[in-house]
Amino acid sequence: MSGGMKEMAELLRSGAKMLSHSCPECGSPLFQLKSGEIWCAKCQRRVVIVSEGEEAPEAGFQLDTLEQAIVNKLASMTGLLSREDDPGKLRETAEALNALLASLERLRRIRKG
Ligand SMILES: [Zn+2]
């Protein structure tokens, strides 16, 4: 028997949470440290969870929210653009649209990893 159990007990005592995910390498339960890192007690290493779960998606959720906000803004600005006749304002709107599109593109690139 490896020292995994002892290590797990120590992790729990230090305030780490046991997660429902298991280590992709060894199948041991993973722990979330107080620092937020996911840790495998058996492999003695950090684990990055890539599949969907309940721990990592916090960042994913924020990106979704941001993406939705950008898309909504793009939609409302498109309406604005079609009603606008003043060349100066048109240019302003077009520039804002450009910036939003660039943000959206960057965001989608981040999400693809
Ligand atoms: Zn492991």
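Values in this text are rule-based calculations from the coordinates and carry no lab data. Because the structure is a prediction, the values reported are computed rather than measured.
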MRE, 222 nm, helices only [DSSP H, n ≥ 4, -39500 (n - 2.57), over the chain, to nearest 500]: -19500 deg cm²/dmol
Can you count the Lys pairs in the chain whose Cα atoms are under 29 Å apart, with each pair 8 or more apart or on different chains? 10
Residues meeting the amide H criterion for L19 (H placed from the backbone, H to H distance under 5 Å, 5 or more places apart or on another chain) are L30, F31, Q32
In degrees rounded to 10, the 0-90 angle between helix 57-83 Cα long axis and the longest Cα principal axis of the chain is 0
Expressed in angstrom, Rg and Dmax over the Cα atoms of the chain are 22.6, 76
GNM of the chain, Cα pairs under 10 angstrom: of Q44, Q68, Q32, the biggest fluctuation goes to Q44
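Compute the relative contact order of the chain as a whole-number percentage, counting only Cα pairs closer than 8 Å that sit 6 or more residues apart in sequence.
Reported relative contact order: 15 percent.
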